[in-house]
Every structure is written in C-alpha cells, then in structure tokens.
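What follows draws every value from the coordinates through simple rules; no lab data is involved. Model, not experiment: these values are computed from the prediction. Note that each Cβ is placed from the backbone with ideal geometry, even for glycine, and that neighbours are counted across all protein chains shown.
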2 protein chains.
Amino acid sequence: MTEKDGTSGTPGHPGVTTARHGDLFDADCPTRLLLDRVGSKWTVMIVLLLADGEELRFGALRRRMPGVSQKMLTHTLRQLEDDGLARRRVEPTSPPAVHYSLTVLGDTLVGPLRELKRWAEANMGAIDALRTSRSGSVPE
Amino acid sequence: MTEKDGTSGTPGHPGVTTARHGDLFDADCPTRLLLDRVGSKWTVMIVLLLADGEELRFGALRRRMPGVSQKMLTHTLRQLEDDGLARRRVEPTSPPAVHYSLTVLGDTLVGPLRELKRWAEANMGAIDALRTSRSGSVPE
DNA sequence: CCGTATCCATAGCGATACTG
DNA sequence: CAGTATCGCTATGGATACGG
C-alpha cells in the first residue's frame with residue numbers, strides 16, 4: 001500500500017506504522033546498514049583491493065592504502081570479517097603472516113561498488129565544474 | 001576542514017606511484033567524495049524518494065523520513081543542490097511552497113544506488129544470519 | 001511553511017606507544 | 001609482522017528555539 005498523508009493533526013504516531021514503500025526508511029533496514037559500512041572511510045577501498053580473488057597480507061594492504069592507520073585497517077577488516085565479506089587466513093609461521101581475501105558474498109558486492117566508482121569518476125568532475133562555474137546557470 | 005589546495009605543496013607520495021587501479025586511493029578522489037555523500041545519513045533516502053521524476057515539497061519529504069530533523073533535511077538538500085543533483089523550486093506564495101526534485105545528473109545516480117539497495121536487501125539478511133549462527137562454520 | 005542558528009552528545013578516526 | 005590500547009580531535013547529526 002502506498003503511504004498516506006497523515007494530516008490527522010496528531011503528530012504522535014498513527015496506528016499503522018512502517019507502511020512506506022520498500023524500506024530504507026527504517027532505522028534498521030538493510031540498506032542503511034550497508035551504507036553505513038560503505039560510507040566508512042576504508043571499507044570500499046579494501047573490498048576493491050581484494051576484488052577478483054586477490055589475496056593480500058595485512059602489510060600489503062597497508063602499503064596500498066596511503067594514510068590508513070593500523071588501528072583503522074584492523075578495525076575495518078574485522079568488520080568485513082564479521083559481516084562475512086572477507087576472510088582471514090593466518091599462516092602460523094614466525095612472525096605470523098595473515099592473508100585477507102573476499103568471500104563469495106564479498107565478491108558479489110564488487111559489482112555494485114564498481115558501478116558507483118564508475119559513476120563517481122564520470123560525474124564528480126562535472127559536479128566540481130558546476131560548483132566553480134556557478135554564474136547563474138540553472139541546473140537542468 | 002583542512003582542505004588542501006593542490007598548488008605546489010603536494011605532500012609527496014614517496015616512491016609509490018599510487019596509480020595502481022584508478023584512484024580512490026587519494027584523499028581527493030571522486031569516489032571518496034561520492035562515498036562521503038552517500039554515506040551520510042539521509043542523502044540516499046532523499047535521492048530515492050525523488051527518483052523517477054518525483055517532485056516533493058519540504059514537508060512531504062520530511063513526513064516520509066521519520067526521524068529526520070529540519071536541520072539535517074535542509075542541510076542534506078543543500079548539499080544535493082550544491083552538487084547539482086537536486087533542484088529547488090520556490091513558489092512565492094504565502095506561506096512559500098518549496099519543491100525539490102532531481103536534476104538529470106541526480107537521476108543517473110538512482111540506478112547505481114538502487115543496485116546497492118537491491119544488494120543490501122538480498123544479502124544483509126544473510127549477513128545477519130551469519131552473525132547469529134556463528135557456530136564454527138567457515139566462510140566460503 | 002520553510003529555513004537558520006545554537007548547543008551538545010557521540011562516533012569516527014588519526015597518532016602514538018606497547019605486546020606476542 | 002600483526003594486533004591492541006589509550007588519547008584526543010573534529011565531523012556528524014540530534015534537540016531546541018527563533019525568524020521571515
């Protein structure tokens with residue numbers, strides 16, 4: 001059912017709730033949870049680095065991510081692991097070598113993320129251009 | 001915010017040529033900028049509400065976004081406007097009626113975002129299941 | 001009805017130092 | 001090499017109140 005305008009005066013809460021279109025409009029919806037992850041500073045970077053079956057060690061990841069701290073790298077990897085998107089493989093050598101890779105689930109995220117990346121690369125430049133050449137032109 | 005102008009003081013990427021994939025691995029890359037937007041709490045919600053040529057008034061948006069404050073709604077809309085993703089149309093009635101809709105550019109973001117949303121709806125449940133039934137199974 | 005301003009709590013994240 | 005712990009800053013964003 002499509003939502004209805006609740007102009008019934010009382011801003012408390014109507015009897016029937018959560019009748020929006022899909023979700024996203026609830027605090028605990030899957031999309032919000034994903035976006036929170038995706039919006040975090042290093043998640044997407046890691047996923048894209050591990051895409052296509054790449055398996056990288058902690059240090060290797062770190063080297064490719066200029067500016068990341070151990071803390072945040074570890075933290076983000078743990079999150080990805082907890083979410084079942086990445087896998088951690090420890091080689092019990094000395095010193096230990098820890099390898100990270102995507103799970104099959106994690107790999108399915110790569111497509112959507114790459115699309116977003118492509119969009120950004122294609123359009124963020126245009127956005128920047130808009131912001132500078134703001135001379136009274138109307139956006140279409 | 002300490003936005004650095006890339007005049008001459010490039011802090012130097014020693015040795016590493018950072019140009020491995022595309023970018024994303026620089027602080028000012030388009031993808032990071034987009035992800036920062038997309039990761040913000042209300043942006044995606046607004047874009048999806050305005051998708052498909054929908055034009056909504058401030059109050060209408062607000063009613064469909066339970067929990068949003070005027071401040072954040074205004075702020076997010078301004079961002080979208082600044083980025084050229086949304087348009088603001090004021091009807092100078094009394095009291096004024098302000099309508100928001102997507103620009104053509106904004107509309108092109110809808111596809112990628114919907115794909116992400118679809119992914120989330122299809123897979124975040126599985127992730128949640130993993131997190132609960134953590135009985136010693138190995139991720140694939 | 002729409003927007004702005006102020007105040008404040010918290011979460012994200014970077015710097016640094018220490019351990020096995 | 002990989003990970004943990006502590007500290008402190010700042011950005012995000014919620015509550016509230018005021019103004020056109």
*From the set of residues in the range A:84-101 that are surrounded by fewer than 17 Cβ atoms within 10 Å (Cβ to Cβ) and of a type in the set (A, V, I, L, M, F, W, C), which is nearest to A:Asp52 (Cα to Cα)?*
A:Val98
*Mind checking which residues of the range B:83-106 are without any contact (Cβ under 8 Å) to a residue 12 or more places away in the chain, in a strand (DSSP E or B) and hydrophobic (A, V, I, L, M, F, W, C)?*
B:Val90
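Considering only residues of the range B:83-92 that are more than 9 Å from DNA strand C (Cβ to nearest atom) and out of contact with any helix residue (DSSP H, G or I) (no Cβ under 9 Å at 6 or more places or on another chain), which is farthest from A:Ala120 (Cα to Cα)? First the steps, then the outcome.
So in the range B:83-92, the residues more than 9 Å from DNA strand C (Cβ to nearest atom) come out as B:83-87, B:89, B:92.
Filter once more, keeping what is out of contact with any helix residue (DSSP H, G or I) (no Cβ under 9 Å at 6 or more places or on another chain): B:89, B:92.
On the way: B:Arg89: 26, B:Pro92: 35 Å.
Looking at residues that are more than 9 Å from DNA strand C (Cβ to nearest atom) and out of contact with any helix residue (DSSP H, G or I) (no Cβ under 9 Å at 6 or more places or on another chain), I get B:Pro92.
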*Where residues in the range A:102-136 are within 10 Å of chain B (Cβ to nearest Cβ) and of a type in the set (Ser, Thr, Tyr), which of them is surrounded by the most Cβ atoms within 10 Å (Cβ to Cβ)?*
A:Thr103
*Kindly state which helices (runs of 4 or more DSSP H) lie completely within the range B:29-82 and contain at least 3 residues that are loosely packed, with under 15 Cβ neighbours inside 10 Å and either within 11 Å of chain A (Cβ to nearest Cβ) or near DNA strand C (Cβ under 9 Å from one of its atoms) (or both).*
B:70-82
*For the range A:83-101, how many residues are more than 14 Å from every other protein chain (Cβ to nearest Cβ) and away from DNA strand D (no atom under 12 Å from the Cβ)?*
0
*In the range B:73-82, what count of residues is obtained for those that are within 13 Å of DNA strand D (Cβ to nearest atom) and under 12 Å from B:Leu50 (Cβ atoms)?*
3
